[in-house]
Amino acid sequence: MRVEPDKKLTIEQEELRGVSRTIAEIEWLLLVVVLLYLVFGGPADEDRPAIIMALMFFGAFTLSFRYANFYKTETRWKIAVETWVMIVFVTWVVWFTDKLTSPLLNAYLLVIVSSALTLGKLATLWEMALIAACFILLGDNSSIGDVISLSYIGRLAAQLAPMVLVAYVTTMFSADIRYGLNKAKLLSETDDLTGVYNRRGFAIAADPLFAQGARHNRPCSLLSIDMDNLKTINDAHGHDAGDRMLKLVARCIQTELRQTDVVARYGGDEFVALLSETPAKGAIEVSNRIKEAIAATELERGGVNIKSSVSIGVATYPEDGRSMDALLARADRAMYVAKQSGRNGVVKFTA
């Protein structure tokens, strides 16, 4: 179950890596479009050296910034810098290809799509403002009065309207897609019945927490919590009563844990919890509180009050193991000792 911390990417890093690959394709597409325009004789002869220089600069930037491993992890700031450089490149090329009448003016749309897909509404709004400033720079304006005149503002708004629409639609689609992906990830990492993590979710949430504690040599404890009578409840009162009792047990466990702790339903009637910054003594105290809270909780079913209990095994880093797998195995072993000792108890692992 355990994934090595130095090899495991966070969910955000996985998302940013995918987005970064898309930005790279957009950058190369932009280079190809300008190169094709140059090859097929679009610009005037006196402007061709300036465009060739821009192509060389932007190509070198893309190669070095993206493939020379200057940044080993992807960040939104890195992507933002790339979009800013794209704006500079497009503005330079447009300047030497008839400015606002340039056939390459719509290359700004590639920048807007890149920003809207990755940086969100606010960043895209700022980039639209920067592109608007570039439009003013590219226009033939003899004075400030021309720029602030109503007729000029109306023309500028008409020119920018398609780009604003593309930015708006793309950010909406991006937000919807991101929401759907996050929802799917949440469902894949959460137990449907109890609402706590499942095995996969526990691995994703607990492994980095454990690795951080191990890196700083801080204690942490793992609890293996198993219900003592779920089969009896199912046989006597039905699976619906068993499901409701599982929910109550999960709620009792969560109530006794801190927000920094991680709890998961690990099997049919088994839960695990990772307690960060918690030595053995503190873990035993928490386990006893969980045990007492569950023992005091009753489920009313057809006029009958149904009660349950749990057996809990405790294993602590570093004395009981130096990996998550070792702690899981030893906490599980201690839990079975608690079962054999009469159930409804807490046992600390001993070699």
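Since every read-out is calculated from the coordinates, none of them should be taken as a lab result. Please read all numbers here as calculations on a predicted model, not as lab measurements. Cβ sites come from the backbone with ideal geometry, for glycine too, and all protein chains shown count toward neighbours.
Tabulated results
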{"quantity": "Met53 versus Lys121: modelled label distance in nm, points set 7 Å from Cα along the beta carbon direction", "calculated": "4.2"}
{"quantity": "DSSP H segments from the chain that extend 15 Å or more along their own axis, Cα-based, with Kyte-Doolittle mean of 1.6 or above", "calculated": "108-118, 120-138"}
{"quantity": "For the range 199-348, size of Cβ-based charge dipole, Lys and Arg +1, Asp and Glu -1, in debye", "calculated": "200"}
{"quantity": "Ranked by how many other beta carbons lie within 10 Å on average, peptides 30-42, 236-248 from highest", "calculated": "236-248, 30-42"}
{"quantity": "Computed P(r) (all Cα pairs; the range 199-348; 10 Å bins; percent)", "calculated": "12, 43, 31, 11, 2, 0"}
{"quantity": "FRET E, pair Asp45, Ser188, Förster distance 45 Å, beta-carbon r, rounded to 0.05", "calculated": "0.15"}
{"quantity": "Calculated SAXS-style log₁₀ I(q)/I(0) at q = 0.14 Å⁻¹ - the chain, Debye, Cα scatterers", "calculated": "-1.06"}
{"quantity": "Relative contact order for the chain, counting Cα pairs under 8 Å that sit 6 or more residues apart, in percent", "calculated": "13"}
{"quantity": "Given charges at beta-carbon only (K, R positive; D, E negative), |dipole| of the chain in Debye", "calculated": "920"}
{"quantity": "Relative contact order computed over the range 199-348 (Cα-Cα under 8 Å; 6+ residues apart), in percent", "calculated": "30"}
{"quantity": "Lysine pairs meeting the criterion (Cα under 20 Å, 8 or more apart or interchain), as found in the range 199-348", "calculated": "13"}
{"quantity": "Positive dipole terminus of the range 188-318, leading residue within Ala214, Cys252, Ser224 (C-beta point charges)", "calculated": "Ala214"}
{"quantity": "Whole-Å distance, taken between Cα centres, linking the range 148-169 and the range 206-255", "calculated": "57"}
{"quantity": "Mean Cβ count within 10 Å, highest first, over the residues of peptides 56-65, 163-172", "calculated": "163-172, 56-65"}
